[in-house]
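Have a look at the structure that comes next, please.
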Amino acid sequence: MAQIETHYQWMDRAIALAKMAGEAGEIPVGALIVKNGEAIATATNRKESDRDPTAHAEILAIRWAALTLQDWHLTGCTLYVTLEPCPMCAGAIVQARLSTLVYGADDPKTGSIRTVANLPDSPVSFHKLEAIAGIREQECQELLQAWFQKIR
């Protein structure tokens, strides 16, 4: 039970990051990477502000975590993200050897952990990833829906 409570607490921080992204005109997705109970990297979507199609919250968090640890192997780390990762981010998660992924809302269009595709469990994946979905799912979905309604 304590582990689930911890997931909720970290996801609350990811949601706060997602809200910051939305306020900055980005799709509201927030991510953070935790190792040994400490956040070692935080990021938001920055595609618009960076003019970079790879500037997804997950990718940026992975980059910061690798710099922080001075190692691209992120074994023992947990990535918290408000939306199910896309194919690019799922590939980066596997490449980085993250131990655990915790995400909020499924992505019915590009979700590549379990919704549209399941990259971590596919034959192309050489790394076993623990994936936990649905933590603060409703809050994450509502945040995305409200943002998209606002811009349309």
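The values are calculated or read from the model by the stated rules, or taken from the named source; none is laboratory data. What you see is a predicted model; the values in this text were computed from it and never measured. When we count neighbours, we look across all protein chains shown, and the Cβ atoms used for this are built from the backbone with ideal geometry, even at glycine. Ligands, DNA and RNA are excluded from the accessible area calculation, which covers all protein heavy atoms including side chains. Shrake-Rupley method; radii C 1.70, N 1.55, O 1.52, S 1.80 Å.
Within segment 134-147, can one find any residue that is touching a residue at least 24 places away in the same chain (Cβ under 8 Å), surrounded by fewer than 15 Cβ atoms within 10 Å (Cβ to Cβ) and on the phi < 0 side of the Ramachandran plot?
No, segment 134-147 contains no residue that is touching a residue at least 24 places away in the same chain (Cβ under 8 Å), surrounded by fewer than 15 Cβ atoms within 10 Å (Cβ to Cβ) and on the phi < 0 side of the Ramachandran plot.
Find the residue count for segment 79-107, including only residues that are over 21 Å from Lys19 (Cα atoms) and not charged (D, E, K, R).
Residues meeting the conditions: 12.
Among the residues of segment 45-62, how many are more than 19 Å from Ala16 (Cα to Cα) and either surrounded by fewer than 13 Cβ atoms within 10 Å (Cβ to Cβ) or free of Cβ contacts under 8 Å to residues at least 12 places away in the same chain (or both)?
Result for segment 45-62: 4.
Any residue in segment 65-81 that is of a type in the set (Gly, Ala, Ser) sitting within a Cβ distance under 8 Å of a residue that is open to solvent by 70 Å² or more (accessible area, probe 1.4 Å)? List the pairs, counting only those 6 or more apart or interchain.
The qualifying pairs are Ala66/Trp72; Gly76/Asn36.
Which ones in segment 93-133 are surrounded by 19 or more Cβ atoms within 10 Å (Cβ to Cβ), in contact (Cβ under 8 Å) with a residue 40 or more places away in the chain and out of contact with any Cys (no Cβ under 6 Å at 6 or more places or on another chain)?
Residue satisfying the conditions is Val102 alone.
Continuing with this model, one more query. What number of residues within segment 66-92 are in contact with a helix residue (DSSP H, G or I) (Cβ under 7 Å, 6 or more places away or on another chain) and buried (at least 18 other Cβ atoms within 10 Å of the Cβ)?
Qualifying residue count, segment 66-92: 11.
Look at Ala39 and say whether it is of a type in the set (A, V, I, L, M), open to solvent by 20 Å² or more (accessible area, probe 1.4 Å) and not in a helix (DSSP H, G or I).
Numbers: of a type in the set (A, V, I, L, M): yes; open to solvent by 20 Å² or more (accessible area, probe 1.4 Å): yes; not in a helix (DSSP H, G or I): yes.
For Ala39, the condition - of a type in the set (A, V, I, L, M), open to solvent by 20 Å² or more (accessible area, probe 1.4 Å) and not in a helix (DSSP H, G or I) - is met.
Right, next: What number of residues within segment 13-36 satisfy the criterion of being assigned to a helix (DSSP H, G or I), open to solvent by 70 Å² or more (accessible area, probe 1.4 Å) and in contact (Cβ under 8 Å) with a residue 24 or more places away in the chain?
Counting residues in segment 13-36 that are assigned to a helix (DSSP H, G or I), open to solvent by 70 Å² or more (accessible area, probe 1.4 Å) and in contact (Cβ under 8 Å) with a residue 24 or more places away in the chain gives 3.
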